[in-house]
1. When the range 67-86 is examined, which residues are found to be buried (at least 21 other Cβ atoms within 10 Å of the Cβ) and either assigned by TED's automatic domain parsing to the domain that holds L161 or more than 13 Å from the ligand (Cβ to nearest atom) (or both)?
2. Restricting to the range 88-112, name every residue that is under 16 Å from the mean Cα position of the chain (by Cα) and either charged (D, E, K, R) or open to solvent by 50 Å² or more (accessible area, probe 1.4 Å) (or both).
3. Name the residue that is farthest from I142 (Cα to Cα), counting only residues in the range 167-183 that are assigned to a loop (DSSP other than H, G, I, E, B) and small (G, A, S).
4. Among V198, V116, which is within 27 Å of P38 (Cα to Cα) and not aromatic (F, W, Y)?
5. Sort through T96, T115 and tell me the only one that's more than 14 Å from the ligand (Cβ to nearest atom), within 25 Å of E204 (Cβ to Cβ), out of contact with any Phe, Trp or Tyr (no Cβ under 8 Å at 6 or more places or on another chain) and of a type in the set (V, I, T).
6. Among what's in the range 15-50 and is within 9 Å of the ligand (Cβ to nearest atom) and part of a helix (DSSP H, G or I), pick the residue that is farthest from the chain's Cα centre (by Cα).
7. Show the residue pairs meeting these rules: Cβ distance below 8 Å; 6+ apart or different chains; first residue within the range 134-148 and β-branched (V, I, T); second residue open to solvent by 90 Å² or more (accessible area, probe 1.4 Å) and in a helix (DSSP H, G or I).
8. Which of (1) open to solvent by 60 Å² or more (accessible area, probe 1.4 Å); (2) within 12 Å of the ligand (Cβ to nearest atom) does M64 not meet, given it meets every other one?
Amino acid sequence: MFKLYFAPTSPYVRKVMVSAHCLGLSERIEKLESAAHPVRRDERIAAFNPLAKVPAMQTADGLMLYDSRVICEYLDSQAVGSLFPREGQPRWLSLTRQALGDGLLDAAMLARYETVARPADKQWDGWLDGQLTKVWAALAEIEKQAPHFSHVPDDIGLISLGCGLGYLDFRFASLNWRAGHPATAAWFAEFDQHPAMVATRPFE
Ligand SMILES: N[C@@H](CCC(=O)N[C@@H](CS)C(=O)NCC(=O)O)C(=O)O
């Protein structure tokens, strides 16, 4: 069994769980309760990951793994899967798409923390705007690439982008990201119906 510090709201944990579903490993993951927060440190998670962030996972042979990129690649290697293309252009394309999806998430997460974690009298609109500008720029890049995407989560780059868009739906519905991004919206409408995406929908 793998022990995973889990949160149903975390899009990075979702990357791990979508990968596990696709690789047939989801039943081998024991979910541990966690409450990651940028200020209120969760010492339970810190026992696995000094950064006290989720996802963090202990393997059957006692390795402590973090973050989502490392855990997803570990699961792929355990299952001898093909979520991470081994070499050449497909590998770099896939890893760069993962960076784009994670970067969209990092910016969205910082925007959310600015409004829900930072005291109201210390909030700064310029910070929020700067992070949301990154989200919009990532969406513009995804829109250019979307006509070439496969409609199933068979690659870590697409899984990351899918979890990024799913997070916008969950926490930033008011952004209405589909407007102005028709190719991305059409791609995600099908991708999001895959059983691995359906089984990992965020909830509170
Ligand atoms: N790069 C990390 C990001 C993980 C991350 O930021 N997780 C959030 C939860 S969605 C967290 O643990 N936040 C607590 C904190 O910022 O300390 C990954 O890909 O796993």
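1. Step one: list which residues in the range 67-86 are buried (at least 21 other Cβ atoms within 10 Å of the Cβ), which gives 68, 71-72, 75, 83.
Once the filter is applied, which keeps residues that are buried (at least 21 other Cβ atoms within 10 Å of the Cβ) and either assigned by TED's automatic domain parsing to the domain that holds L161 or more than 13 Å from the ligand (Cβ to nearest atom) (or both), the range 67-86 yields L75, L83.
2. Taking the range 88-112 and keeping what is under 16 Å from the mean Cα position of the chain (by Cα), we get 94-112.
Result: T96, R97, A99, D102, D106, L110, R112.
3. Residue satisfying both the conditions and the ranking: A179.
4. Working: V198 fails: within 27 Å of P38 (Cα to Cα).
Answer to the check: V116.
5. Details: T96 fails: within 25 Å of E204 (Cβ to Cβ).
Going through T96, T115 in turn, just one is more than 14 Å from the ligand (Cβ to nearest atom), within 25 Å of E204 (Cβ to Cβ), out of contact with any Phe, Trp or Tyr (no Cβ under 8 Å at 6 or more places or on another chain) and of a type in the set (V, I, T): T115.
6. Looking at residues that are within 9 Å of the ligand (Cβ to nearest atom) and part of a helix (DSSP H, G or I), I get I45.
7. none
8. Checking M64 against (1) open to solvent by 60 Å² or more (accessible area, probe 1.4 Å); (2) within 12 Å of the ligand (Cβ to nearest atom), the one that fails is (2).
The values are calculated or read from the model by the stated rules, or taken from the named source; none is laboratory data. Because the structure is a prediction, the values reported are computed rather than measured. Reconstructed Cβ throughout: ideal geometry from the backbone, glycine too, with neighbour counts over all protein chains shown. Ligands, DNA and RNA are excluded from the accessible area calculation, which covers all protein heavy atoms including side chains. Shrake-Rupley method; radii C 1.70, N 1.55, O 1.52, S 1.80 Å.
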